Amino acid sequence: MTVPPRMPAAVLAALAVLAAGCAAPLTTPAARSTSAAPATALRAQVAAAPKACAGPVVIGHRGAPATAPENTMASFEAALRGGADWLETDVQTTSDGVPVLMHDSSVDRVTDGKGEVAALTAAQIAGLRVTIGPGGPEPVPTLELLLARLAGTRTRLLMEIKWQRPEDVARIARIAAASRADVVLYSFSAAHLKQAHEEAPRLPLVLIQGGGLADPPDGLPLAGLALDAGLATAERIGAERRAGHQVYVWTLDDEPSWQAMSDRDAAGLITDVPDRARAWADGRCRAPGSGPPAPGGDR
């Protein structure tokens, strides 16, 4: 992947620290303590980096799946190297209650294994490798691993809670709230968001809507909406902004789409190619202060 010219040496050094730390599983208190030094170094390096210019945020959809296997640490690292402002991921839960990062309810499409995530144990998932996409096979990360790596950094995590058991929704929200990562909860399910909000009231909420999947907000205190590109008309985005909602649009992988949604004042571009989207956004960067705020403000 080509690193954009805007990337300072400090950030590249930070990413080297990130890559070095990703191999250690985060399963015990002892394992967590071993990641403290790399995490501290990463926070120090990222804090020294200048803020990106104002404008729609670039959100790496499942990381950078055009560069590395989706929803793996390699994919998230590639998105960061490419200049993503935020990362996006999907959370499923194993049979023994461990949240893992996977889009599908089964492991069949993306890994070398078979079965439903909810029917497999965390140990069984840990033995699988994600094989779809460029690059070599990669482990399936736990949610806690990614949260630990992002703790204290400026990178926001747009974390989709997939359809699952109520107790799993509650557990995911509690884990996110207890981390020091900057997390936005989002889901197609208004009921899931309501339950997650009860467990983690300080985390911003974003409701996802697609052409055939559009739960009403049901009084949720939404910070924003994530709209399928087909729903993201200028009129709809304008109406949501007047209602106090930021709008994030998925999945946008070409310059005409980025331009159209930027012209409509979308707050974020969810993309499989964050490096290309970043290069495009930097090429048309607006003056600082002119872009939309992130949901929930800076924390």
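Being surrounded by fewer than 21 Cβ atoms within 10 Å (Cβ to Cβ), closer than 23 Å to Ile270 by Cα and in contact (Cβ under 8 Å) with a residue 40 or more places away in the chain holds for only one residue in Gly152, Gly97, and it is Gly152.
One line per residue, one yes/no per condition, for (1) within 23 Å of Glu70 (Cβ to Cβ); (2) polar (S, T, N, Q); (3) at pLDDT below 95:
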| residue | (1), (2), (3) |
| --- | --- |
| Pro221 | no, no, no |
| Ala232 | yes, no, no |
| Ile237 | no, no, no |
| Ile270 | yes, no, no |
| Arg278 | yes, no, no |
| Ser290 | no, yes, yes |
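Remark: Thr34 falls outside the filter, which requires a residue to be β-branched (Val, Ile, Thr), modelled with pLDDT of 50 or more and out of contact with any Leu (no Cβ under 7 Å at 6 or more places or on another chain). Assessment of the range 61-76 against the conditions (farther than 19 Å from Arg171 by Cβ, among the hydrophobic types (A, V, I, L, M, F, W, C) and part of a strand (DSSP E or B)) yields no matching residue. The residue pairs whose first member lies in the range 275-286 and is touching a residue at least 12 places away in the same chain (Cβ under 8 Å), whose second member is of a type in the set (A, V, I, L, M), and whose beta carbons are closer than 7 Å, counting only pairs six or more residues apart or on different chains, are Asp275/Met1; Asp275/Ala64; Ala277/Val58; Ala277/Leu269; Arg278/Val58; Arg278/Ala84; Ala281/Val58; Arg286/Ala54. Taken over the range 144-167, the criterion of being farther than 18 Å from Ala126 by Cβ and among the charged types (D, E, K, R) is satisfied by Arg154, Arg156, Glu160, Lys162, Arg165, Glu167. Residue check: Ala214 meets all listed conditions (1) without any contact (Cβ under 8 Å) to a residue 40 or more places away in the chain; (2) within 17 Å of Ala260 (Cβ to Cβ); (3) among the aliphatic types (A, V, I, L, M) but one, namely (2). When each of Gly152, Gly113 is tested for being under 18 Å from Glu70 (Cα atoms) and out of contact with any strand residue (DSSP E or B) (no Cβ under 6 Å at 6 or more places or on another chain), the lone residue that passes is Gly113.
Hey, among the residues in the range 132-149 that are touching a strand residue (DSSP E or B) at 6+ places or on another chain (Cβ under 6 Å) and β-branched (Val, Ile, Thr), which one's surrounded by the fewest Cβ atoms within 10 Å (Cβ to Cβ)? Across the range 132-149, the extreme among qualifying residues is Thr142. Looking at Asp265, Asp253, just one residue is within 17 Å of Trp86 (Cα to Cα), open to solvent by 30 Å² or more (accessible area, probe 1.4 Å), not in a helix (DSSP H, G or I) and not β-branched (Val, Ile, Thr), and that residue is Asp253.
The values are calculated or read from the model by the stated rules, or taken from the named source; none is laboratory data. All figures in this text were calculated on a predicted structure; none of them were measured in a lab. Here the Cβ is made from the backbone with ideal geometry for all residues, glycine too, and neighbour counts use every protein chain on show. Heavy atoms of the whole protein, side chains included, go into the accessibility calculation; ligands, DNA and RNA do not. Shrake-Rupley method; radii C 1.70, N 1.55, O 1.52, S 1.80 Å.
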